[in-house]
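J.: Submitted below is the structure of interest, expressed as C-alpha cells.
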Amino acid sequence: MCGGLGGVMAAVARGARSSPRASGSDVVGILPTTDAGAANGWVDVVVPTGLGHARNVVVVASADAVVAVGGAAGTLSELALAWQLGRPVVALATHGGWAADLAGRAVDARRDDVVHAARTPADAVRLALELSAAAPEG
C-alpha cells in the first residue's frame, strides 16, 4: 500500500508489483484526489479519496508498519500518525529528508518508540516485516 502517485510512491508500487514474495497480491494506492487516473501505472487497486493530506491517516492506519524514504512535510505527517497509531516505523537512513533525520532516533520517550534505521531498501522491507510480525495486534 502506498500513496499511489509518483516518485517514491511509484517506486514502492513498482517494487511491490515485481516482488516474487508478493506474487498474486494487489498493490493498493490511496490517492489524495478523486481522480483515479492520477494513480501510477503499477497500482492495481486505486482508492481515490478526495481527502487531500488527510488521506495520510488512511494510508498509515491501514499499514502494519511504515517505511519512510526521504520525505518532506507529507512524510513527516505520516511518521507522526504512525507513532500515534502505534505502527512500527523504519526509515531509510541513506536517502535524506525526514527519514534520514529521524533514523535511529527515539521519538516518544514515554513509549520507548524509536525510528528504526535501515541502510538499504531491502533492509527496510525486511525490518518492517519483522517489526510488524512482532507488534501486538491493536
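The values are calculated or read from the model by the stated rules, or taken from the named source; none is laboratory data. Just so it is clear, the structure is predicted and the values come from calculations on it, not from any experiment. All Cβ positions, even for glycine, are placed from backbone atoms using ideal geometry, and neighbour counts span all protein chains on display.
J.: I'd like to verify a number: residues in segment 12-42 that are charged (D, E, K, R), touching a residue at least 12 places away in the same chain (Cβ under 8 Å) and within 26 Å of residue 123 (Cα to Cα), how many? Please lay out each step first, then the result.
T.: Taking segment 12-42 and keeping what is charged (D, E, K, R), we get 14, 17, 21, 26, 35.
Remaining after also requiring touching a residue at least 12 places away in the same chain (Cβ under 8 Å): 14, 17, 26, 35.
With within 26 Å of residue 123 (Cα to Cα) added as a condition, the list becomes 14, 17, 26.
Number of matching residues: 3.
J.: Could I ask something else about it? I'd like to verify a number: residues in segment 109-125 that are assigned to a strand (DSSP E or B) and at pLDDT 85 or above, how many?
T.: 5
J.: Can you report the number of residues in segment 43-76 which are touching a residue at least 40 places away in the same chain (Cβ under 8 Å) and out of contact with any helix residue (DSSP H, G or I) (no Cβ under 7 Å at 6 or more places or on another chain)?
T.: Residues in segment 43-76 being touching a residue at least 40 places away in the same chain (Cβ under 8 Å) and out of contact with any helix residue (DSSP H, G or I) (no Cβ under 7 Å at 6 or more places or on another chain): 4 in total.
J.: Regarding residue 104, is this residue part of a loop (DSSP other than H, G, I, E, B) and of a type outside the set (Phe, Trp, Tyr)?
T.: It is true that residue 104 is part of a loop (DSSP other than H, G, I, E, B) and of a type outside the set (Phe, Trp, Tyr).
J.: Given 54, 106, 36, which one is modelled with pLDDT under 90 and over 18 Å from residue 8 (Cβ atoms)?
T.: On inspection, the qualifying residue turns out to be 106.
Residue-wise test of (1) surrounded by 22 or more Cβ atoms within 10 Å (Cβ to Cβ); (2) in the same structural domain as residue 6 (by TED's automatic domain parsing); (3) of a type in the set (Lys, Arg).
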| position | (1), (2), (3) |
| --- | --- |
| 37 | no, yes, no |
| 44 | no, yes, no |
| 73 | no, no, no |
| 90 | yes, no, no |
| 94 | no, no, no |
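J.: What do you reckon, is residue 32 buried (at least 18 other Cβ atoms within 10 Å of the Cβ) and over 16 Å from the mean Cα position of the chain (by Cα)?
T.: Criteria not met by residue 32.
J.: Report, by residue number, each residue of segment 77-89 that is out of contact with any helix residue (DSSP H, G or I) (no Cβ under 7 Å at 6 or more places or on another chain) and either part of a loop (DSSP other than H, G, I, E, B) or in contact (Cβ under 8 Å) with a residue 40 or more places away in the chain (or both).
T.: Selection gives 86 alone.
J.: Do you know which of the residues in segment 126-138 that are modelled with pLDDT under 90 and among the small types (Gly, Ala, Ser) is nearest to residue 8 (Cα to Cα)?
T.: Within segment 126-138, the subset modelled with pLDDT under 90 is 132-138.
Checking the rest, the ones that are also among the small types (Gly, Ala, Ser) come to 132-135, 138.
Numbers: 132: 21, 133: 24, 134: 26, 135: 25, 138: 28 Å.
Filtering first and then ranking leaves 132.
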